[in-house]
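One structure is given here, and the rest of the page talks about it.
Quick note: the coordinates plus some simple rules give every number you see, no bench work behind them. For clarity, every value in this text was computed on a predicted model and none was experimentally measured. Glycine gets a Cβ as well: all are built from the backbone with ideal geometry, and neighbour counts include every protein chain shown.
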Amino acid sequence: MKLEDHKDSFEAHRKTIFSWAIEVQGLSNSQRIVGVHASRGIIELLSLFLHGKNLVKSGFQLNHRWFKSQKVYSKIPDFKGKKEIIDLMVDLEKLCELLSYGKKRSTDDTEKAIKLFKELEEKINKLL
């Protein structure tokens, strides 16, 4: 995937969360939408960073499922801030799985996913 495609995909996920899910549907009605798009969006942003800095070969694809456990460390190359970013991504993925596939949860969980998304976005963008 081209760098521009990762960027466009991230922006589409971000827009779905903030412009559609929250503004149109409302936070209390957007648990699953936020869960799916927060998880996939951050994967696209990390992919943009890894490919843009040539830390991975062309064709390398991240899978959001890798971030369900600490085993992901062995699949991702080293970079500045890796531990903090990967730890936050594992937290986000676990939460997003609950939001996407679990029973109705409190809006606190949805807000936490949005907070993690924003924090990761900021940290990864600083590396870009």
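Quick check, is PHE79 under 17 Å from LEU3 (Cα atoms) and either polar (S, T, N, Q) or not in a helix (DSSP H, G or I) (or both)?
no
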What is the one condition in (1) under 10 Å from the mean Cα position of the chain (by Cα); (2) crowded, with 21+ Cβ neighbours inside 10 Å; (3) among the aliphatic types (A, V, I, L, M) that LEU99 does not satisfy? (1)
Scope the stretch 22-51; condition under 14 Å from ASP109 (Cβ atoms), in a helix (DSSP H, G or I) and among the small types (Gly, Ala, Ser); matching residues: SER28, GLY35, ALA38, SER39
Could you tell me how many of the residues in the stretch 4-37 are within 12 Å of the chain's Cα centre (by Cα), charged (D, E, K, R) and farther than 16 Å from CYS96 by Cα? 1
The correct count of residues that are more than 20 Å from GLU93 (Cβ to Cβ), touching a residue at least 40 places away in the same chain (Cβ under 8 Å) and among the basic types (Lys, Arg) in the stretch 8-64 is 1
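In the stretch 95-128, how many residues are part of a helix (DSSP H, G or I), charged (D, E, K, R) and over 18 Å from ILE17 (Cα atoms)?
So in the stretch 95-128, the residues part of a helix (DSSP H, G or I) come out as 95-101, 107-127.
From what's left, charged (D, E, K, R): 97, 108-109, 111-112, 115, 118-119, 121-123, 126.
Checking which are over 18 Å from ILE17 (Cα atoms) leaves us with 123, 126.
Of the residues in that region, 2 qualify.
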Would the stretch 1-15 turn up any residue that is exposed (fewer than 13 other Cβ atoms within 10 Å of the Cβ), in a loop (DSSP other than H, G, I, E, B), touching a helix residue (DSSP H, G or I) at 6+ places or on another chain (Cβ under 9 Å) and not acidic (Asp, Glu)? yes
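Quick one: in the stretch 39-49, of everything that is of a type in the set (A, V, I, L, M, F, W, C) and closer than 13 Å to PHE67 by Cα, which residue is surrounded by the most Cβ atoms within 10 Å (Cβ to Cβ)?
The extreme case among them is ILE42.
Restricting to the stretch 25-38, and then to whatever is among the polar types (S, T, N, Q) and surrounded by 21 or more Cβ atoms within 10 Å (Cβ to Cβ), can you tell me which residue is farthest from TYR73 (Cα to Cα)?
The qualifying residue farthest from TYR73 (Cα to Cα) is SER30.
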Sole exception among (1) closer than 20 Å to MET1 by Cα; (2) among the aliphatic types (A, V, I, L, M); (3) without any contact (Cβ under 8 Å) to a residue 24 or more places away in the chain for ILE124, by number: (3)
